[in-house]
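Notes to accompany the following structure.
Please treat every number below as a calculation from the coordinates, not as lab data. Just so it is clear, the model here is predicted, and its values are computed rather than measured. Methodologically, a virtual Cβ is constructed for each residue, glycine included, from the backbone with ideal geometry; neighbour enumeration extends over all protein chains shown.
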Amino acid sequence: MDAITDFFRELHERSGINLTILYDPFDIERFFHGLLVTIELFLVSAVVSVIIGLIGAGCLTLPYRVPKAITRGYVAFFRNTPPLIQMYFFYFAIGALIPATKNAYGFPEELVDNLDWALIALSLYAGAFNIEIFRSGIEAIHRSIVEAAAVLGYSKVAAFVYVMVPLAWRISLPALCNNLIELLKTTTLAYAIGVPELLYVSNQIWSDNINTFEMMNVLLVVYLVLVGVVALAMHRWERALRLPGFGAARS
Amino acid sequence: MTNDRARFGPHVGIDLPGARERTSWALNRDLAGVLLAILTVVVIVLVVALLSGTDTGLVGALIKWTPFMARGFLLNVVMSLFAIFFGTIGGIFLGMGQLAPTRWISTPSKVLTQFFRNAPWLVLLFYCIFLLPFQVRIGGETYTIASWLRAAIGFTIPVVANFSEIVRGAMQSIPSGQWEAARSLGYRWRQTVTSVVLPQCIKRMLPPWMNLYAILLMATPLASIVGAEEALTNARTALQAESDSRLLLPLYAYLLSWFFIYCYPIARFSMALERRFAVR
C-alpha cells in the first residue's frame, strides 16, 4: 500500500501528474465515499424505477381508462422534460413545501434531504422509460400465448403474473440494460443539488489541488468502468434468461 | 403491382387499401394528443399558480419574467441546433468509419464512439468547459469564447458518438445483397456507401435522430451548471430577484412545461414516423 502511495507521490514530483486520490488519505477517503454514493444512487433508483415500470406497464394493460390516462400522462411528462429541471423542481420547489424538523442539537433538519430527492427524481425519470420498455415487451408477446393461458384456466391476473411478465421481462432486458446505463450516467445530475457523488467530490478535489485535467480523466475512466460492469452484468443475465428458439444462436 | 414496386421502391407495400387512411388517422390522433398535452400543462400551471397564492401576484410575476426566460430558452435552442448540426456531420463520418474496411480507421472509430457514448454528458461538458481555451487568437485579434459556445461544443461530443451508433446501426440494417450488388457493379467502398447505402439509411435514421435531438435539447439546461445564461439560469435569477418561496413551484412547473411543449411534438412525430416506416 505504501509503495503505491509513494509511487504516485513521486510521480507528482517528477512529472507533475497529480493524482491525489491515489496517495493523499483525505482525498482517497473522499473519492471512495463519492464512488459509494454514486453506486447507492444507481442501485436504489434502478430497483425503484423497475418497480415503477412494472406497475405502470401493468396499469396500461388494465381495461380502465383512468389509470391508463394517468400512466400515459406520467410517461409523457417525464420523458419529455429535462431531468435536471425535474431534479430542481423536486428539490427546490416541492422540497420547500415539506417542513423541516429539528435534530438532537436543535438545528433545522430536512425531513427529506437532497440525497432522497435525487433518488426520487432519478427513480421517477428512469421509471417513465421503464414503463415504455415493459409495455413494448408485453405487446411483443404473441396473442396465442395469452389465449393458451386463458384456455388452461388462468385468470387474467394470474396470466399476467405467471405468463406475460416472465416473457415480457426477457424480451425487455436488452432495452432495460440500455436504460439502466442511461440511468447510471444520469446520476451525475445529483451534483446540481449538492449530493456528494462522484462528480461532486471530484469537483471538490480538483478545486483543492488544482488538478482538473487529471481528475477529469479519472472521472471519464471510472464512469467507463462502471458502465462496463453494468453492461457486462446485464448481458450475462440476458444470456442466462434467453428464450430458446428466439433471436440469434447462442455463441 | 411489380411495376409500382419498381417505380416507388420497396415501401410501396404500405399503400395497400386502408393503409394510407390508417397512417393519416394516426397522425391526426398524435396532433390531438399534443394539443391536449399543451392544454393540460397550461391548466396545471394556472391552477398551481392560483392555489399557491390567493392573490394574482404570482401569475403576474410569471408573466413579468416570461420574456427574460424566453431569451434564455432561445439560447437552449441555439445550443441544441449548434450541437445537432455539427454532431450530425461528425456522426456520419464516425459511423462510416466504424464500418470502414480498413482496421486503421474502424478500430479507432469504434473506440471513440464507445468512449464518448458511455461517458456522462455532464462530465463531458465539464471537460469542454475547463479544457477549451477561454480566448482564441485569429489573425491577431483575440476572441473570447462565450460559455454557451463552449457548452455547445461540449454537447456536440456525445451527439457525435450517439449519432455514430445510429448511422452504424442503419448501415448494417441494409441487406448485404445491396452491398454485394453495388460491388458487382464495380462500385468502390466509398461509392457504395455514399450512393447506395446512405440514401436508403436516411429513412431509418430519421426517427432515432429526432429522438437524439429531443434528448439533446433536454440536456442543454446542464449548461446552467457551467454558467451559460440559458432558461434554467434565468429562471433561478428570476427566483432570486423575486425572493418569494411561493413562486418556486409555479415557476419551475412553468419552465418544465416549455420544454415539454417543445419536445413532446418531436417525440410524437418521431413515433408516428417510426410506425409509418415499420416493416410489417
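Around A:L19, with a cut-off of 13 angstrom between Cβ atoms, what is the net charge of the other residues, counting Lys and Arg +1 and Asp and Glu -1?
Overall, the nearby charge balance is -4.
Pop a pseudo-label 7 angstrom from the Cα along the beta-carbon direction at both B:E274 and A:F8 and give the gap in nm to one decimal.
Here the answer is 4.3 nm between the modelled labels.
Rounded to two decimal places and with Rh computed the Kirkwood way over Cα pairs, what is Rg over Rh for segment A:2-240?
My calculation of the ratio gives 1.09.
What is the sum of charges around A:V37, taking Lys and Arg as +1, Asp and Glu as -1, for the other residues whose C-beta is under 15 Å from the C-beta of A:V37?
Local net charge: -4.
List the relative contact order of segment A:2-240 as a percent without decimals, with contacts defined as Cα pairs under 8 Å and 6+ residues apart.
Value for segment A:2-240: 25 percent.
Given the C-alpha atoms of segment B:120-162, compute the convex hull and give its volume per residue in Å³.
Output value, Cα hull per residue: 64 Å³.
Charges on Cβ only, +1 for Lys and Arg, -1 for Asp and Glu, centred on the Cα centroid of the protein assembly as shown; of A:I138, A:V75, B:P158, which one is farthest towards the dipole's positive end?
My answer, from the dipole projection, is A:I138.
Sequence neighbours fewer than 8 away in the same chain don't count; with that in mind, list the lysines whose C-alpha is under 22 Å from A:K68.
A:K156
Taking the Cα centre of segment A:2-240 as the origin and placing charges on Cβ (Lys, Arg +1; Asp, Glu -1), which of A:H235, A:V112, A:A168 is farthest toward the positive end of the dipole?
A:A168
Over all residues in B:125-136, what is the mean tally of Cβ atoms on other chains that come within 10 Å of each residue's Cβ?
Details: counts 1, 11, 6, 1, 1, 5, 3, 0, 0, 0, 0, 0.
What the average comes to for B:125-136 is 2.
What lysines could a cross-link reach from B:K110, if we take a straight Cα to Cα line under 26 Å and drop same-chain neighbours fewer than 8 places away?
Reachable lysines: A:K185, B:K203.
Just to be sure I understand the rule: take each whole DSSP H helix in chain A, project its Cα atoms onto its long axis, keep it if the span is 27 Å or more and its mean Kyte-Doolittle hydropathy is at least 1.0. Which ones pass?
A:25-61, A:212-240
Past the 25 angstrom mark, what percentage of all C-alpha to C-alpha distances in segment B:127-280 do you count?
54
What does the charge add up to near B:I92, with Lys and Arg as +1, Asp and Glu as -1, over the other residues with Cβ less than 14 Å from its Cβ?
For residues surrounding B:I92, the net value is +2.
Checking the a/c ratio against 1.5 first, then a/b against b/c, what shape does the Cα gyration tensor give for the protein assembly as shown?
Note, shape of the protein assembly as shown comes out rounded.
Any idea how far apart A:R239 and A:S155 come out in nm if each label point goes 7 Å out from Cα toward Cβ?
So the label points at A:R239 and A:S155 sit 4.1 nm apart.
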